[in-house]
Amino acid sequence: MNTKMIDWPTFIGALILLLGVTIPLIVFPEAGQSVVNEANEFVSGNFGALYIVMGLVIFLFLVFVAFSKNGSIKLGDEGEDPEFNTFSWAAMLFAAGIGSSILYWAVIEWAYYYQGPPFGLEAGSQEAIQWATAYGIFHWGPIAWAIYTLPALPIAYFYYVRKKPVLKVSEAVRPVLGNAVDGPLGTIIDVLFMFGLMGGAGTTLALGTPMIAEGVSDLTGIPANLGTQSVIMLLCTLIFAVSAYSGLKRGIKVLSDINLWLSIFILAFIFIFGPTRFISETTVNSVGILADNFFKMATWLEPFGNLGGFEETLFPESWTVFYWAWWLVYAPFVGLFVARISRGRTIRQMVLGTMVYGTLGCILFFGIMGNFGLYLQLTGTYDVIAFLNENGAPATIIEIINQLPLAKFMVLVFTILAIIFLATTFDSSSYILASVVQKSVEGEPLRWNRLFWAFALCLMPLTLLYLGGLGTLQTASIVGGFPLIFIMFLLAWSFMRASNQDIRASESYESSTIYIERWNKKKPKKRKRSALEVLEDKKDEDDE
């Protein structure tokens with residue numbers, strides 16, 4: 001077992017921080033949960049505007065980068081073809097960035113907005129319904145994928161353009177922080193990222209595992225209790241451990257391709273055999289609402305609160321701020337993974353591809369699955385809201401799928417898809433965690449290292465599942481991820497600084513080459529000095 005390649009301060013620091021949060025929650029569950037929830041309320045309540053501004057600024061920054069000179073930079077050598085074809089590339093980035101959470105929220109998120117709509121609208125009104133169909137797409141749309149994409153810029157740039165064999169967030173901010181990243185500051189940055197990722201992974205498990213358990217219960221009659229959820233979590237761990245052990249091309253790529261084909265099948269089935277006209281018209285209408293109100297939704301807070309007779313809904317803090325915080329803790333991981341699989345593409349292709357493919361995939365899931373559930377509610381075919389309020393979201397999701405033709409078969413497909421989605425997210429996570437704790441990554445991370453993080457991702461959430469503290473770990477990760485807001489701006493600054501330096505150097509080199517060629521074409525009598533001497537004089541004049 002090769003241990004010399006491991007960055008032990010980062011490796012041990014991440015474990016200590018995770019244990020430092022989870023052990024007190026195990027020993028003092030009520031007090032720990034109270035402290036974490038108070039910290040979350042303080043961060044989201046007082047810094048909600050910062051999260052909102054962050055999301056919009058990152059989106060606008062990436063659009064600028066994509067269409068600037070920086071966007072033309074090739075990630076790799078000139079003439080090099082992309083490492084993965086577009087289908088597999090899109091499948092891997094979507095599966096890593098979304099996971100089984102989209103199967104959860106795409107089906108049921110509209111129901112929460114239906115009952116607690118934004119802008120102080122009346123619950124269940126026509127306006128509330130229209131916004132309910134659009135807000136899910138907004139929360140999982142361009143800004144979400146922009147937050148995911150930003151860390152990929154400097155990481156991919158240093159890995160493929162400057163040929164630094166290190167996949168670390170700390171390395172990506174070296175142009176701004178300099179050699180300070182080689183000390184404790186760099187370790188803290190990487191440890192914070194790892195902690196955020198492990199907590200974000202806990203969120204995905206918290207949502208995905210009960211939903212899968214309900215699917216298994218519906219098919220087999222086995223109760224969806226803690227025992228069933230534990231077995232499912234261990235099964236998913238085994239799948240993603242094998243996949244992570246197999247590597248990027250044989251394991252993660254294959255699972256992601258299967259995942260995408262199953263997604264296409266289930267979406268096409270619901271669209272064709274469900275209320276096709278309602279789904280298509282409502283989806284197009286939702287995209288129109290989003291396009292027309294994008295900046296309103298991206299900047300909406302409730303500054304007046306309960307002042308002047310206004311009723312505070314807490315919608316922005318409960319949804320938009322929460323989502324931006326959630327994407328934030330996952331962003332360095334997804335950025336690292338997107339960077340790793342984007343060899344051979346330009347910065348523009350990576351940025352636009354991630355934002356466009358990711359958003360289109362989410363539009364399809366929310367447009368087809370969500371609007372199918374909404375149709376059941378509006379036509380009286382099935383009272384989704386009443387069942388949700390009585391039995392919770394996981395059971396409601398399975399009941400909505402049960403309203404389709406070939407119900408049991410579709411529940412089976414849906415459950416398998418959820419398991420594979422969970423596995424693809426986690427094998428990508430363990431792959432990246434293993435990369436971050438290595439001093440260099442030439443080829444792939446060490447296999448034992450990938451396996452270790454595959455099981456580490458599961459053991460803590462599994463322990464907290466029995467203590468009912470999984471949601472607390474999720475909340476703790478969001479609070480702990482707060483410093484990542486500032487790291488995101490450092491990442492943007494680092495990329496622009498490094499890429500602009502290289503662009504200027506390249507342009508200077510090209511202009512110098514052209515000048516030398518022209519100078520050398522002059523007759524010998526006219527060129528009393530060498531071209532290089534003339535260039536040195538011109539450079540001195542420019543410096544003055």
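Quick rundown of the values:
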item	result
Pair F64, R504: separation of 7 Å Cα→Cβ label points (nm)	1.7
Alpha carbon centroid spacing (whole Å) that separates the stretch 63-137 from the stretch 2-54	26
Kirkwood Rh, angstrom, the stretch 96-231 [1 / mean 1/r, Cα pairs]	18.6
Estimated FRET transfer efficiency when R0 is 41 angstrom, pair S72-L219 (beta carbons, to 0.05)	0.20
Inter-label distance for F273 and F28, nm, one decimal - labels placed 7 Å from Cα along Cα-to-Cβ	5.4
Amide N proximity, the stretch 43-77 versus L301 label position 7 Å along Cα-to-Cβ, cut-off under 16 Å	43-58
Loop-located trypsin sites (Lys or Arg not before Pro) in the stretch 381-453, at most 16 other Cβ atoms within 10 Å (DSSP)	K439
F387-S318 FRET efficiency (beta carbon distance; Förster radius 22 Å; 0.05 resolution)	0.50
Sequence-separation-based contact order of the stretch 321-432, relative, with Cα cut under 8 Å and 6+ spacing, percent	22
Three-way shape label, the stretch 1-93, alpha-carbon gyration tensor, a/c 1.5	oblate
Pairs beyond 18 Å (Cα-Cα), from K69/K168; K4/K163; K163/K439; K4/K439; K69/K164; K164/K439	K69/K168; K4/K163; K69/K164
Simple spin-label estimate for L19 and E80 in nanometres, 7 Å along Cα-Cβ	3.9
For the stretch 112-224: relative contact order, % (alpha-carbon pairs under 8 angstrom, 6 or more apart)	11
Relative contact order of the stretch 82-148, pairs being alpha-carbon contacts under 8 Å that are 6 or more residues apart, as %	25
Taking the convex hull of Cα positions in the stretch 319-378, its mean projected area over all directions (nm²)	5.3
FRET efficiency for F119 and F265, using Cβ-Cβ distance with R0 set to 35 Å, rounded to 0.05	0.40
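Computed from the coordinates by the stated procedures, all read-outs in this text should not be read as laboratory data. No experiment lies behind these values; they were computed from the predicted model shown. All Cβ positions, even for glycine, are placed from backbone atoms using ideal geometry, and neighbour counts span all protein chains on display.
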